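First the structure, in the form of structure tokens, and then the observations on it.
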Amino acid sequence: MNRNGYSRRTFLVTASALAVTAAALAGGGPVATAQVVRPAAVNQAAFDQGQRPVATGRGGAVASVDLDASRAGIEVLRHGGNAIDAAVAVASTLGVTEPYVAGPGGGGFMVVYLAAEHRVVTIDGREACPAACTARLFVEKGHPLNFEAARHSGLAVGVPGMVGTWADATRRFGALGLAADLQPAIRRAEQGFRIDNTFVQQTKESLDVLRAFTASRRLFLGPDGKPLPVGSVLTNPDLARTYRLLAQHGPKYFYDGPIGAAVVDAVKHPGTVPHTPLRVRPGIMTPEDLAAYEPRRPAPTQVTYRGYHVYGMRPPSSGGSTVGEALNILAGYSLSQESRTLALHHYLESLRYSFADRNRYVGDPRYSAVPLRALLDPQYADTRRCHITGMAAESPVPPGDPYHPRRICGETAAGGSVADHEQSTNHLVTADRWGNVVSYTNTIEQIAGTGMTVPGYGFLLNNEMTDFDFVPADLDTPDPNLPAAGKRPRSSMSPTIVLRSGRPVFAVGTPGGSTIITTVLQILINHIDFGMPLERAIAAPRVGNSNSPTSYAEPEFLDTRVARLLRTRHGQEFTEVTGPQPIDHQIGAATGVQILGDNLFRAAAEPRRRGGGSALVVHPCDQVSGNAAC
């Protein structure tokens with residue numbers, strides 16, 4: 001065993017995987033066709049086989065939104081990989097099976113617990129604005145572009161950080177290496193996956209955009225330009241080729257090679273179909289922008305809550321700071337002793353005040369000072385908690401003054417709320433038999449990102465630069481989230497790992513734009529304060545507030561007695577989450593893993609949201625003979 005607890009036989013697996021990769025590359029040459037569709041009758045029993053939201057067992061665990069992706073992680077774990085290898089295998093496979101929310105064209109944030117070192121580390125793989133970016137990136141003729149015009153443009157594409165994250169994570173912490181970890185995704189891209197209802201709904205939601213770009217239309221739509229039917233098998237040989245090239249050459253082939261050149265060309269010369277009604281503005285990215293990109297390695301955020309140590313991401317993610325500040329505010333209440341109605345009132349109010357601070361102070365720390373230590377100081381939380389009464393605050397509430405935390409209920413700073421557009425993201429968790437744990441959130445931003453597929457390489461490009469503020473929210477107040485050269489936009493992604501007595505006890509995260517923060521916080525209090533098993537904490541109806549006059553809520557929550565009492569007793573008002581598709585009535589698609597000790601894990605995913613997630617373990621309890629603990 002080496003110092004990280006990895007068996008020597010893992011290196012034999014790596015050599016074997018590299019041999020397979022080399023053999024696969026021997027065929028050479030670009031792939032002419034991006035898609036193969038084989039209509040098939042839907043056998044629902046066979047289609048759902050193996051799909052389950054909860055799994056308990058030994059040897060390691062994986063939870064994601066997709067069964068094929070979770071199986072990829074389990075495969076790597078069974079062949080000697082660790083949690084880091086499994087996370088990369090899951091993420092790369094999601095690039096195949098969930099291409100509208102994942103893939104090499106995006107970025108994300110990874111939180112890792114390293115068992116051998118007893119510490120938590122993070123990787124910031126957020127996309128970066130090209131060197132030609134200015135604060136007026138999305139201002140045209142003196143006016144900010146509307147969101148959709150900005151999104152469907154080359155201007156919206158940030159330098160992707162996904163491949164850099166995978167390479168950095170596997171090089172520093174993995175047992176197998178990037179080449180081996182990409183093998184399940186290569187096979188899935190070649191063999192294809194069966195399209196489900198969620199995929200069709202997401203296609204319909206982005207149909208006008210996908211139709212506008214030649215490569216996207218060819219890959220994701222039928223010959224008639226309509227969504228492919230449920231039950232069709234979609235293959236992506238171009239993406240398989242991309243992954244093979246990365247397996248053979250490493251990340252340099254992306255950031256300083258032919259793939260990067262193709263990305264730049266797609267950004268600067270978007271390939272649109274003739275007569276598209278969309279006006280697609282070209283971007284400003286250069287090959288030098290890709291060559292200059294590097295993942296960052298900031299220290300994690302950390303707060304203590306009810307004896308648990310909650311670790312998250314530093315800025316430009318606002319997840320660690322906002323979840324942490326809200327937990328510090330809630331620490332002043334005995335939520336488990338309060339009525340559920342009062343506890344949720346305090347939860348919603350903590351969000352109003354922590355979001356006010358997020359919007360005012362959080363951005364890329366290399367471009368503006370972020371008072372992170374003050375925002376996460378329990379003493380500062382006292383100054384925010386004291387504004388909370390028995391009635392809902394009139395929102396947007398102003399931010400506090402973290403620079404002078406001794407001013408209990410004193411003056412507040414200028415500034416209000418900042419609107420966030422909905423995002424479509426994915427979250428995955430992995431754990432291994434050596435005790436390593438990964439919580440990883442990544443995205444290409446909106447469903448289908450910009451809508452641009454890189455020709456010949458089979459992946460969509462992000463529109464993450466629209467996470468910047470287009471213009472300052474208040475001309476008299478500094479805005480930490482305006483575009484700038486090399487800057488990374490503020491994010492809500494909140495991958496979280498929770499420790500107790502120095503050991504990981506669970507990890508959790510979710511997609512959902514700004515609702516990521518509220519969902520993670522609600523899962524934490526459901527599990528820690530209300531005593532719900534992790535799977536129930538994930539499945540419970542959701543409600544949240546991002547410093548707005550009304551809180552958003554799922555229909556299932558609004559049907560409860562607690563929702564009625566929140567209105568009548570505490571003045572809380574709610575807006576139901578709605579949309580044209582059933583998927584639009586849901587908040588997030590969380591996943592989590594609980595470490596039960598003695599190499600025993602419980603993986604949990606959504607039972608219904610986004611069609612239900614997939615929780616798997618290496619050795620399920622019902623297959624472990626003679627183990628009474630299972």
- Query: Of all residues in the stretch 122-132 being hydrophobic (A, V, I, L, M, F, W, C) and surrounded by 24 or more Cβ atoms within 10 Å (Cβ to Cβ), which is nearest to L428 (Cα to Cα)?
  - Reply: I123
- Query: Of the residues in the stretch 60-106, how many are open to solvent by 10 Å² or more (accessible area, probe 1.4 Å) and within 13 Å of the chain's Cα centre (by Cα)?
  - Reply: 2
- Within the stretch 345-394, can you find the residues that are assigned to a loop (DSSP other than H, G, I, E, B) and among the aromatic types (F, W, Y)? Y367
- Search result, residues across the stretch 286-329 that are surrounded by fewer than 17 Cβ atoms within 10 Å (Cβ to Cβ) and in a helix (DSSP H, G or I): P287, E288, A291
- Identify the residue in the stretch 601-615 that is buried (at least 24 other Cβ atoms within 10 Å of the Cβ) and in contact with a Leu (Cβ under 8 Å, 6 or more places away or on another chain) and, among all such residues, is nearest to W434 (Cα to Cα). A603
- Task: Go through (1) in contact with a His (Cβ under 6 Å, 6 or more places away or on another chain); (2) within 21 Å of G250 (Cβ to Cβ) one by one and return the number of the condition G59 breaks.
- Result: (2)
- Among (1) surrounded by 15 or more Cβ atoms within 10 Å (Cβ to Cβ); (2) not in a loop (DSSP other than H, G, I, E, B), R281 falls short only on (2)
- Message: Looking at the structure I just gave you, is P478 under 30 Å from P144 (Cα atoms), without any contact (Cβ under 8 Å) to a residue 24 or more places away in the chain, open to solvent by 10 Å² or more (accessible area, probe 1.4 Å) and not basic (K, R)?
- Response: no
- Message: Of everything in the stretch 564-599, what is over 13 Å from A553 (Cα atoms), modelled with pLDDT of 95 or more and surrounded by 18 or more Cβ atoms within 10 Å (Cβ to Cβ)? Give them in sequence order.
- Response: H570, A590, T591, G592, V593, Q594, I595
- Qualifying positions in the stretch 420-468 - farther than 26 Å from R119 by Cα, open to solvent by 20 Å² or more (accessible area, probe 1.4 Å) and either without any contact (Cβ under 8 Å) to a residue 40 or more places away in the chain or touching a strand residue (DSSP E or B) at 6+ places or on another chain (Cβ under 9 Å) (or both): Q423, D467
- Query: From the list A175, A185, which residue is in contact with a Phe, Trp or Tyr (Cβ under 6 Å, 6 or more places away or on another chain), assigned to a loop (DSSP other than H, G, I, E, B) and either buried (at least 24 other Cβ atoms within 10 Å of the Cβ) or not aliphatic (A, V, I, L, M) (or both)?
  - Reply: A175
- Among what's in the stretch 474-523 and is among the polar types (S, T, N, Q) and touching a Pro at 6+ places or on another chain (Cβ under 8 Å), pick the residue that is farthest from Y552 (Cα to Cα). N481
- Message: I'd like to know if the stretch 487-498 contains one or more residues that are modelled with pLDDT under 95 and either crowded, with 23+ Cβ neighbours inside 10 Å or under 18 Å from S321 (Cβ atoms) (or both).
- Response: no
- Query: Does the stretch 108-121 contain any residue that is farther than 24 Å from H309 by Cβ and surrounded by 24 or more Cβ atoms within 10 Å (Cβ to Cβ)?
  - Reply: no
- Query: Is there a residue in the stretch 137-145 that is touching a residue at least 40 places away in the same chain (Cβ under 8 Å) and open to solvent by less than 10 Å² (accessible area, probe 1.4 Å)?
  - Reply: yes
- Task: Scan Y367, Y361, Y380 and give me the residue that is buried (at least 24 other Cβ atoms within 10 Å of the Cβ), within 30 Å of A485 (Cβ to Cβ) and not acidic (D, E).
- Result: Y361
- Query: Out of all the residues in the stretch 40-52, is one or more closer than 30 Å to D196 by Cβ, open to solvent by 60 Å² or more (accessible area, probe 1.4 Å), modelled with pLDDT of 50 or more and in contact with a strand residue (DSSP E or B) (Cβ under 7 Å, 6 or more places away or on another chain)?
  - Reply: yes
- Note on the structure: Residues of the stretch 80-118 being part of a loop (DSSP other than H, G, I, E, B) and either under 28 Å from T203 (Cα atoms) or in contact with a Ser or Thr (Cβ under 8 Å, 6 or more places away or on another chain) (or both), in sequence order, are G80, G81, E98, P99, Y100, V101, A102, G103, P104, G105, G106
- Query: Residues of the stretch 533-563 being open to solvent by less than 20 Å² (accessible area, probe 1.4 Å) and either part of a loop (DSSP other than H, G, I, E, B) or touching a His at 6+ places or on another chain (Cβ under 6 Å) (or both), which ones?
  - Reply: L534, A537, A540, R542, N545, N547, E554
- Of (1) assigned to a strand (DSSP E or B); (2) at positive phi, A63 fails just (2)
- the stretch 211-263, residues that are open to solvent by 10 Å² or more (accessible area, probe 1.4 Å), among the β-branched types (V, I, T) and either in contact with a His (Cβ under 9 Å, 6 or more places away or on another chain) or part of a helix (DSSP H, G or I) (or both): T214
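How about the stretch 175-194: which of its residues are of a type in the set (G, A, S) and over 22 Å from the mean Cα position of the chain (by Cα)?
The answer is A175, G177, A179, A180, G192.
The values are calculated or read from the model by the stated rules, or taken from the named source; none is laboratory data. Computed from a predicted model, the values in this text were never measured in an experiment. Here Cβ is always computed from backbone atoms with ideal geometry, including for glycine, and neighbour counts include all displayed protein chains. Note: areas computed on protein heavy atoms with side chains; ligands, DNA, RNA excluded. Shrake-Rupley method; radii C 1.70, N 1.55, O 1.52, S 1.80 Å.
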